[in-house]
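A.B. asks: Below is a structure I'd like to ask you about.
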Amino acid sequence: FVMYPGADEAVVIEDETCEVSKTSLTVPLLGTFEVDMDEQSSKMKTRGDKLRRYLAAHFSKAIIGAVWMAINVILFIEHFILYWNEPNFYVSFARGFGEVLNFNCSLILVPVLRNVITYLRQTFLYRFVPFDSNIMFHRRIAWTIAFAAYGHGISHYLNYSTLDRPYASAWTTLAGITGNVLVFIMIIMYTTAIDAVRRRYFNVFYFAHHLFVVFFVLLLLHGKNFWIWWIIPGVCYILERVYREYRAKKPTTVFQVTNHPSDVVELRMGKKGFKYTSGQYLYLNAPYLSVYEWHPFTITSAPHEEFVSVHIRAVGKWTKGIKKLLAPEEEGTLEINKQKGPDGKPLIRLDGPFGAASEEVFKFRTVMLVGAGIGVTPFASIIKCLYHLKKTDSKCKIEKAYFFWICRDMTSFEWFQTLLRDLELDMKETGNTFLSINIYLTQRLKEEIREEYKIQQEEMELDPITRLEARTKFGRPDFDTIFDELKEAHIGEKLGVFFCGPRILSKNLRTFCMTKSPKSKKNGAKFVFHKENF
């Protein structure tokens, strides 16, 4: 036992088993304290377990993050020391932060090279690089740029204050003028990128973010060595944008438009050479509504189908515009087979496909698919594709799929219920039971309404809410029990868990995957978590 300075004595109190349980520590002026060693040990063990679970789940992120941070620190220290002999240390700070800016302002383009990332996902690098976290990395680089820009600017202004003509240095030199304009542009880009603004005023975010073109032009003028850092990622990004524009110009035919209930529009399209896999997404542009505005949508058709489909819910200006432009006024399907819009421009332009975490679903024998709210959309293509493969491809690796759909209000997803209904009927006819459907309604209902539903479920052949044989359950899933059951049912297997939905549920599922996975395969199934960024 280690004695603390100033302590009179340390007394170890032993129980009958001679194990240390409490320590009494007497400190002058403060008195005697009892420390519960078991409690402290338990807390340390819990923290250690959390750290181990975090590293197990985010090992590649942690390694890449550590390397990135180390490079930033090294660059700062190197240039701080390099300029140490300047008249004051403000210059050293400014140069250190400036080099951090050179590195990060170039690196920030890499996570948004969508085509490059989609290609790399298909290589061995996917096992080591968390490509699905590209937007998160993009944001962290952005905040590092903001921090470094603040330090760079303040340091320069403190240096200017020591000169004879501080105003002239700050506002009449090329570096001073471009630096101040860059700060102004950053303020616009950062404030409009806040989630609350981006989600509500997407057009404002979109056009403000494209000030990055002006930003990089000014940055090339501002820093004499920045071009060395920028040249490779910058040229790659320019080529990426040129390729996207070239690919988007290929004609897209809109075959069919279906107006589903609850303001959901389904587009069925065709494009020569467009090949995709289940779980991927694409970008749509309607020149009649906006030439520059592109929006991402999950592909809801399966690769074996002769069309590409997306489901669009009319909730914003652009999506409402799409419904007004294409969909019939009443619920139903309209065959249009058009390429041109009312203004003679392409009716729809399509860019993609781009990769997503759900592509990995076909690498497992057993999968658990969890969709919450609008996060159910990516699983439309996956479930259709899985069923098609089970019917036509004897080499299909997947033997069992557990599908969990968690939704507060199902009225917005009638189209998905229809898909499940058709699939359920087909499985019943063929005797194929590879898919287990589990639906949870989290909407708060009065007790008498719930009881009425339960009575109807017992009396009716089909569920009164979804019209499926699978019964709707009320409340949230008991994933603790669900994971235990799957762990016992699939001993020795690697079970893929694929989720799309709210962040808090994602964290819970990731934790279950880590805590429920045994150290030995003999003790149960190992759960491998994949999160869809939606």
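A.B. asks: Please give, to one decimal in nm, the separation of the simple spin-label points placed at Lys249 and Asp195, each 7 Å out from Cα toward the Cβ.
C.D. replies: My value for the distance between the label points is 3.9 nm.
A.B. asks: Here's a follow-up. What are the chymotrypsin sites (Phe, Trp or Tyr not before Pro) within the stretch 265-306 that DSSP puts in a loop, where the Cβ has at most 11 other Cβ atoms within 10 Å?
C.D. replies: Details: sites: Phe274, Tyr276, Tyr281, Tyr283, Tyr288, Tyr292, Trp294, Phe297; in loops: Phe274, Tyr276, Tyr288, Tyr292, Trp294.
Filter output for the stretch 265-306: Tyr292.
A.B. asks: So, with +1 on the Cβ of K and R and -1 on the Cβ of D and E, and no other charges, what is the size of the charge dipole of the stretch 251-354 about its Cα centre, to the nearest 20 debye? Can you show the working numbers first?
C.D. replies: Working: 13 positive and 11 negative charges, 79 e Å.
That gives a dipole near 380 debye.
A.B. asks: What order do you get for Met186, Met269 when you list them from fewest to most C-beta neighbours inside 10 Å? Mind dumping the intermediate values first?
C.D. replies: Working: Met186 17, Met269 22.
Least to most surrounded, the residues fall as Met186, Met269.
A.B. asks: Using a Förster distance of 41 angstrom, determine the FRET efficiency expected from the C-beta separation of Lys272 and Asn508, and round it to 0.05.
C.D. replies: Numbers: r = 44 Å, r/R0 = 1.06.
Given R0 = 41 Å and the Cβ-Cβ separation, E is 0.40.
A.B. asks: So, one more: Mind checking the stretch 201-247 for trypsin sites (Lys or Arg not before Pro) that DSSP puts in a loop (not H, G, I, E or B) and that have at most 15 other Cβ atoms within 10 Å?
C.D. replies: Numbers: sites: Lys224, Arg241, Arg244, Arg247; in loops: Lys224.
Those satisfying the criteria are Lys224.
A.B. asks: Could you tell me which chymotrypsin sites (Phe, Trp or Tyr not before Pro) in the stretch 149-242 are loop residues by DSSP with no more than 15 other beta carbons within 10 angstrom of their beta carbon? All intermediate terms of the calculation are to be shown ahead of the outcome.
C.D. replies: On the way: sites: Tyr150, Tyr157, Tyr160, Tyr167, Trp171, Phe184, Tyr190, Tyr201, Phe202, Phe205, Tyr206, Phe207, Phe212, Phe215, Phe216, Phe226, Trp227, Trp229, Trp230, Tyr237; in loops: Tyr201.
Those satisfying the criteria are Tyr201.
A.B. asks: Separate question: Return the Cα extents of the stretch 71-246 along principal axes one, two and three, sorted largest first, each rounded to a whole Å.
C.D. replies: 57, 36, 29 Å, listed from the longest principal axis down.
A.B. asks: Could you size up the charge dipole of the stretch 71-246 around its Cα centre, putting +1 on the beta carbon of Lys and Arg and -1 on that of Asp and Glu, and report it in debye to the nearest 20?
C.D. replies: Numbers: 13 positive and 8 negative charges, 118 e Å.
Approximately 560 debye in magnitude.
A.B. asks: What fraction, in whole percent, of alpha-carbon pairs in the stretch 251-354 exceed 15 Å separation? Present the calculation step by step, with values, prior to reporting the outcome.
C.D. replies: Details: 3197 of 5356 pairs.
When every Cα pair of the stretch 251-354 is considered, 60 percent fall beyond 15 Å.
A.B. asks: Now a separate question. Taking K and R as +1 and D and E as -1, what net charge do the other residues with C-beta under 12 Å from the C-beta of Ile81 add up to?
C.D. replies: Working: positive: Arg95; negative: Glu78, Glu86, Glu99.
Within the 12 Å Cβ shell, the charges total -2.
A.B. asks: Report, in debye and to the nearest 20, how large the dipole of the stretch 357-531 comes out about its Cα centre when Lys and Arg carry +1 and Asp and Glu carry -1 on their Cβ. Don't jump to the answer; show the numbers that get you there.
C.D. replies: On the way: 30 positive and 25 negative charges, 248 e Å.
It comes to approximately 1200 debye.
A.B. asks: From the phi angles alone, apply the Karplus equation (6.51, -1.76, 1.60; θ = phi - 60°) to the stretch 85-91 and give each ³J(HN,Hα) in whole Hz, x where the residue is Gly or Pro.
C.D. replies: Going residue by residue, I get 7, 5, x, 9, 6, 4, 5 Hz, with x marking Gly and Pro.
A.B. asks: Could you give the Stokes-Einstein D for the stretch 357-531 in µm² per second, using the C-alpha Kirkwood radius, 10 °C, 1.306 mPa s? Walk me through the numbers on the way to the answer.
C.D. replies: Numbers: Rh = 17.0 Å.
My calculation gives 94 µm²/s for D.
Quick note: the coordinates plus some simple rules give every number you see, no bench work behind them. All of these numbers come straight from a predicted model, not from anything done at the bench. Counting neighbours? That spans all protein chains shown, and the Cβs are built from the backbone with ideal geometry, glycine included.
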